[in-house]
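Take a look at the structure set out below.
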Amino acid sequence: MEKHNYDAGLPATNAPFNLCVRYGDLIFISGLPPFDEAFSRAVREARDEGRAIPPFPNPPFAEQARLVMDNMKKLVEAAGSNMDCLLKVIVWLRDQRDAEEFDRVYRTYFTSREMLPARTRIQAGRTPMDCGLEVEAIGYVPRKLVHRSAPGRGRKVRPSARRK
């Protein structure tokens, strides 16, 4: 098996890590902060020129959450998967009072409650550059997607079938 890195065209900050790594059928998404193109460029230029990193502009929390989740979706899809194939998500919030707002945004990225991954959500002592959140994930790439009707209570949900 080979290791493959994906950036899905997301703006780089020249940090010393890859945004998404696929190894076999597993995908690992690095902690994603809510950095848009303009802020990422400012961070990258500051790092390249040896200047201090600029302060985070701190847009409304819902915008930050959507940007992070949109970027995660782009990375997952670039690696050949989809959001329903995430197995574990870890969320660091700057302020736990944003938890309900995060959940409202987060739920919209999955097809059903049954497809939600396991998740840990905690308040961080400090997030990168004091942004509202950072989110990381582990998932898999399905070998073959199975089309199914909505699952009933108590039935197993299988988003993929493996060929032998």
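The values are calculated or read from the model by the stated rules, or taken from the named source; none is laboratory data. Treat the numbers as computed from the prediction; the structure is a model and nothing was measured. Heads up, the Cβs are rebuilt from the backbone with ideal geometry, glycines too, and the neighbour counts pull from every protein chain shown. Just so you know, the surface numbers come from the protein's heavy atoms only, side chains and all, with ligands and any DNA or RNA stripped out. Shrake-Rupley method; radii C 1.70, N 1.55, O 1.52, S 1.80 Å.
Would you confirm whether or not the stretch 62-81 contains a residue that is acidic (Asp, Glu), more than 24 Å from ILE122 (Cβ to Cβ) and not in a helix (DSSP H, G or I)?
no
Only one of (1) assigned to a helix (DSSP H, G or I); (2) under 30 Å from GLU100 (Cβ atoms) fails for ASP48. Which number is that?
(2)
Determine which member of the set ARG148, ARG143 is within 13 Å of ASN82 (Cα to Cα) and at pLDDT below 90.
Within the list ARG148, ARG143, the selection yields ARG143.
Among the residues of the stretch 85-125, which ones are polar (S, T, N, Q), within 17 Å of GLY139 (Cβ to Cβ) and open to solvent by 70 Å² or more (accessible area, probe 1.4 Å)?
Across the stretch 85-125, the qualifying residue is only THR111.
How many residues, within the stretch 54-73, are in contact with a helix residue (DSSP H, G or I) (Cβ under 8 Å, 6 or more places away or on another chain), under 23 Å from ILE138 (Cα atoms) and free of Cβ contacts under 8 Å to residues at least 40 places away in the same chain?
2
How many of the residues making up the stretch 82-120 are assigned to a loop (DSSP other than H, G, I, E, B) and over 27 Å from GLY9 (Cα atoms)?
So the count comes out to 2.
Every residue in the stretch 21-37 that is in contact with a Pro (Cβ under 9 Å, 6 or more places away or on another chain) and part of a strand (DSSP E or B), please.
Selection gives GLY31 alone.
Can you confirm whether ARG94 is under 27 Å from GLY24 (Cα atoms) and modelled with pLDDT of 95 or more?
no
Among the residues of the stretch 21-30, count how many are over 16 Å from the mean Cα position of the chain (by Cα) and open to solvent by 80 Å² or more (accessible area, probe 1.4 Å).
Residues meeting the conditions: 1.
Condition check ((1) buried (at least 19 other Cβ atoms within 10 Å of the Cβ); (2) on the phi < 0 side of the Ramachandran plot; (3) of a type outside the set (Phe, Trp, Tyr)) across all residues:
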| site | (1), (2), (3) |
| --- | --- |
| LEU32 | yes, yes, yes |
| GLU37 | no, yes, yes |
| ALA46 | no, yes, yes |
| GLU49 | no, yes, yes |
| ASN58 | no, no, yes |
| ALA62 | no, yes, yes |
| MET72 | yes, yes, yes |
| MET83 | yes, yes, yes |
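If I ask for residues that are surrounded by 17 or more Cβ atoms within 10 Å (Cβ to Cβ), assigned to a strand (DSSP E or B) and not aromatic (Phe, Trp, Tyr), which ones from the stretch 4-20 would you list?
Within the stretch 4-20, just CYS20 meets the criteria.
Please state which one of ALA42, ALA99 is more than 17 Å from the chain's Cα centre (by Cα) and closer than 18 Å to THR127 by Cβ.
ALA42
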